[in-house]
Amino acid sequence: MAKKTVKDLRDLAGTHVFVRVDYNVPLEKGKITDDTRIRASLPTIRYLRDHGAEVIVCSHLGRPKGEVRPELSLRPVADRLAELLGEPVAFDGEAGPVRLLENLRFDPREEKNDPALAAELASLADVFVSDAFGTVHRAHASTVGVAHILPSAAGLLLAAELEAFARILENPEHPFVVVIGGAKVADKIGVIDRFTGLADAVLVGGAMAFTFLAARGVAVGASKHEDADGQEVARRAMADAGERGCELVLPSDVVIAERVEAGAPTQVVAADAIPDGWMGLDIGPETAAAYARRLEAARTIFWNGPMGVFELAAFAAGTLAVAHAAAESDAVSVVGGGDSVAAVNQAGVADRISHVSTGGGAALELVEGRTLPGVEALEEAAA
Ligand code: ADP
Ligand code: MG
């Protein structure tokens, strides 16, 4: 069922709208190092302002665990928001037609979904708009509590996220090719399981590829891989894929080194020929080219998880090749996951991906088919 969005709200002029956004931005010494999430909130705030509403914006930042931590203040975000919006932004207790509240998680009641806090927040406004895709998998006072008190709707970012995922999860066009990588099979098994049921091929990279290889009895040297339990999960995923007619593809070659370090000598070897003491840190060039060819022929693409330790240039080629291939493909492409999105930005191709998700954990839970409490709580659109 589709949720009501801001576009379904009538008579906004003169109303007060409480907007939950995700301003959990990276900060270094009080400076915002990436303002993507602030930019992503602008369409909804502008829409509401253009329709004459006053907005009270709120978010969490970091993990202050219910205590006031000045270094996690949203003050710098208020300043950047004002710049991007081209309109003054009142902060915390200050008054103004656009107001950003202080970090919600300074209050221990936020993460407990305390009804008293929800009531306080709700008393500030006439309508609740949820635009915090990155936080809708959490049932907190500002994501769920308020939605049970005020009339509610999804913001434009949340609506776009839900639509993008619905497009690949419900009736995707084939060939549907999924690339999955990153740290652990155990973290991503729900995602792998969903996609072996939907996609034509799941291409595996990252550290988890070595868990899959080890599960097939291949010696992986000193490569990061999971223990017997993780390998059992990988083995089951391969068996399920086989039964469902989905091709689960592992790397044929890998880039190896003895240390995870810039400048460490590297070699390219067959995936089943990793010498003792060496570790696989990226997919090799043959694998990268094979994955790229499949992505270019796809009609639908989902990608989560880097193909190697892309933070170091020596082990970034596989991840960058996947990013470029996804961008060049005519497929509907969706990328989700904190590190994968960073890789897409690093490759400079974000504008050629159909949808770059702003939610890491929320995106993965959505793919797994779990209910997102912050979405569930919102009102349905009129049929
Ligand atoms: P995402 O945030 O996109 O969901 P993950 O958090 O699962 O991705 O995984 C990203 C991390 O996995 C990166 O920090 C990367 O360095 C690491 N990684 C990828 N491949 C390897 C590998 N072969 N060995 C060790 N770490 C790896
Ligand atoms: Mg990550």
**Prompt:** Within the range 178-232, which chymotrypsin sites (Phe, Trp or Tyr not before Pro) sit in a loop by DSSP and count at most 12 neighbouring Cβ atoms inside 10 Å?
**Reply:** none
**Asked** What are the trypsin sites (Lys or Arg not before Pro) within the range 1-102 that DSSP puts in a loop, where the Cβ has at most 11 other Cβ atoms within 10 Å?
**Response** Arg10, Lys29, Lys65
**Message:** If you build the convex hull over the alpha carbons only and average its shadow over all orientations, what do you get for the range 47-90? Give it in nm² to one decimal.
**Reply:** 3.7 nm²
**Request:** Taking a cut-off of 27 Å between Cα atoms, list the lysines near Lys29, but don't count ones fewer than 8 places away on the same chain.
**Result:** Lys65
**the range 340-364 and the range 119-184: distance between their alpha carbon centers, rounded to Å** = 16 Å
**Asked** At q = 0.11 Å⁻¹, what base-10 log of I(q)/I(0) does the Debye formula yield for the range 242-383 when every alpha carbon is treated as an equal point scatterer in vacuo?
**Response** -0.49
**Request:** Positive end of the charge dipole of the range 251-323 (Lys, Arg +1 and Asp, Glu -1 on Cβ, about the Cα centre): tell me which of Val269, Ala288, Phe310 has its Cα farthest that way.
**Result:** Ala288
**Prompt:** Local charge sum around Ala362 (other residues, Cβ-Cβ under 12 Å, Lys/Arg +1, Asp/Glu -1)?
**Reply:** -2
**Request:** Check cross-link reach from Lys184 to the lysines: straight Cα distance under 24 Å, and skip same-chain residues fewer than eight apart.
**Result:** Lys224
**Prompt:** Reachable aspartates and glutamates from Lys188, Cα under 12 Å, same-chain residues fewer than 8 places away excluded?
**Reply:** Glu365, Glu368
**Message:** Restricting to DSSP H runs of at least four residues, report the calculated mean residue ellipticity at 222 nm for the chain, -39500 (n - 2.57) per run over all residues, nearest 500 deg cm²/dmol.
**Reply:** -10500 deg cm²/dmol
**Asked** What's the center-to-center distance, using Cα atoms, between the range 1-60 and the range 189-246 in Å?
**Response** 39 Å
**Convex hull volume of the chain per residue (C-alpha atoms, cubic angstrom)** = 144 Å³
**Item:** Sparse-neighbourhood loop sites, trypsin sites (Lys or Arg not before Pro) in the range 228-278 - DSSP loop, at most 14 other Cβ within 10 angstrom
**Value:** Arg259
**Prompt:** Among His60, His51, which comes first, then next, by fewest other beta-carbon atoms within 10 Å?
**Reply:** His51, His60
**Request:** Scan the chain and report its longest stretch carrying no GluC sites (Glu not before Pro) that are both in a DSSP loop and have at most 13 other Cβ atoms within 10 Å.
**Result:** 262-383
**Complete:** Looks like the range 118-270, by Cα gyration tensor root eigenvalues a ≥ b ≥ c and the a/c under 1.5 rounded cutoff (else prolate when a/b is bigger than b/c, oblate otherwise), is prolate
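Where a number appears in this text, it was derived from the coordinates with a stated rule and is not lab data. All of these numbers come straight from a predicted model, not from anything done at the bench. Glycine also receives a Cβ, built like all others from the backbone with ideal geometry; neighbour counts cover every protein chain displayed.
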